[in-house]
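Nothing in this text is a laboratory measurement; each read-out follows from the coordinates by a stated rule. All values reported here derive from a predicted model rather than from experimental measurement. Please note: Cβ atoms are built from the backbone with ideal geometry, for glycine as well, and neighbour counts cover all protein chains shown.
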Amino acid sequence: MAGCRSSVAALALLAATAAGADDTLRNWFDDPFFAVSALVADCPPPAGPFVDEAERRVQAHRRAEKGTTCWLAGVCERPNAYAYDRDIAAALQVALRERPPLAASSLWVTVQGRVMYIEGCATTPSEVDALQALARSLPQVEQVIAIVRTDPAAAPPYRVRPAR
């Protein structure tokens, strides 16, 4: 009987561990994600590409379809739209080093499938507009989406990464 109880306890612990692993947020697809400024102290970091296992499964099909559709349509030279992301991120980082620093903002960038997401906080919309224009000028960037809080009293308009 004691052996049966320990087996049941072990199974319960294993199930709890497996369920907890599903909640772990990870950058499953290794999408480029980085901060480009950090001057607004109370700006919550975005979730960026960090998702749990369930969301990873949801995204996997869409990413496979989007990635190959680009090539099949003759829009991409590479066989997958996501194959451009590291080059796009590196080009943005170089371009940012060659211009004056971003002022009064805390902004993060995620690159996924030739789409650049800019999330965070800025005190002036013109700063975000300038970053969007810079991002759009980079080779292979298909789209730039800014989801930025400019009113410090407002809630962030983007998904926030949970505190650990």
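What are the residues whose amide H is under 5 Å from the amide H of Cys76, where those residues sit 5 or more places off or on another chain and H is modelled from the backbone?
Long-range HN contacts for Cys76: Trp71.
Starting from the amide H of Ile147, placed 1.01 Å from N in the peptide plane, find each other amide H under 5 Å away whose residue is 5 or more places distant or on another chain.
Close amide H contacts, sequence-distant or interchain: Ile118, Glu119, Gly120.
Determine ³J(HN,Hα), in whole Hz, for all residues of region 133-150 in sequence, where each value follows from phi through the Karplus function 6.51 cos²θ - 1.76 cosθ + 1.60 and θ = phi - 60°; x replaces Gly and Pro.
3J(HN,Hα) across region 133-150, in whole Hz: 4, 4, 5, 5, 7, 6, x, 6, 6, 7, 7, 10, 10, 9, 10, 10, 8, 10.
Can you list residues whose amide H is under 5 Å from Val36's amide H, if they're 5+ apart or on another chain and H is modeled 1.01 Å from N?
Those qualifying (amide H under 5 Å, at least 5 residues apart or on another chain) are Leu107, Trp108, Val109.
Based on other C-beta atoms within 10 Å, arrange Val115, Val160, Val94 from fewest to most. Walk me through the intermediate numbers first.
Numbers: Val115 16, Val160 13, Val94 10.
Ascending Cβ contact count within 10 Å gives the list Val94, Val160, Val115.
Would you work out the relative contact order for the chain, in percent, from Cα pairs under 8 angstrom that are 6 or more residues apart?
Details: 248 pairs, mean separation 40.0, N = 164.
With pairs under 8 Å counted, the relative contact order is 24 percent.
Decide, for the chain, between rounded, prolate and oblate: order the square roots of the alpha carbon gyration tensor eigenvalues as a ≥ b ≥ c, take rounded if a/c falls under 1.5, and otherwise choose prolate if a/b is larger than b/c, else oblate. Can you show the working numbers first?
On the way: a/c = 3.18, a/b = 1.54, b/c = 2.06.
In terms of gyration-tensor shape, oblate.
Helix 85-97 versus the longest principal axis of the chain: what angle, 0 to 90°, nearest 10, using Cα atoms?
50 degrees
Which ³J(HN,Hα) values in Hz, rounded to whole numbers, follow from the phi angles of region 49-57 under the Karplus curve 6.51 cos²θ - 1.76 cosθ + 1.60, where θ = phi - 60° and Gly and Pro get x?
x, 7, 9, 8, 4, 5, 5, 4, 5
For a quick check: sort Asp31, Asp151, Asp52, Asp129 by the number of other beta carbons within 10 angstrom, fewest at the front. Present the calculation step by step, with values, prior to reporting the outcome.
Working: Asp31 19, Asp151 9, Asp52 15, Asp129 12.
Final ranking by Cβ density, sparse to dense: Asp151, Asp129, Asp52, Asp31.
Just subtract the alpha-carbon distance of His61 and Asp30 from 0.36 nm times their residue separation and send over the number in nm, one decimal.
Taking His61 through Asp30 to full extension adds about 9.6 nm, to one decimal.
Which value, in debye to the nearest 20, describes the size of the charge dipole of region 83-164 about its Cα centre when Lys and Arg Cβ atoms bear +1, Asp and Glu Cβ atoms bear -1, and nothing else is charged? Intermediate results must be reported in sequence, preceding the final value.
Numbers: 9 positive and 8 negative charges, 54 e Å.
My answer is approximately 260 debye.
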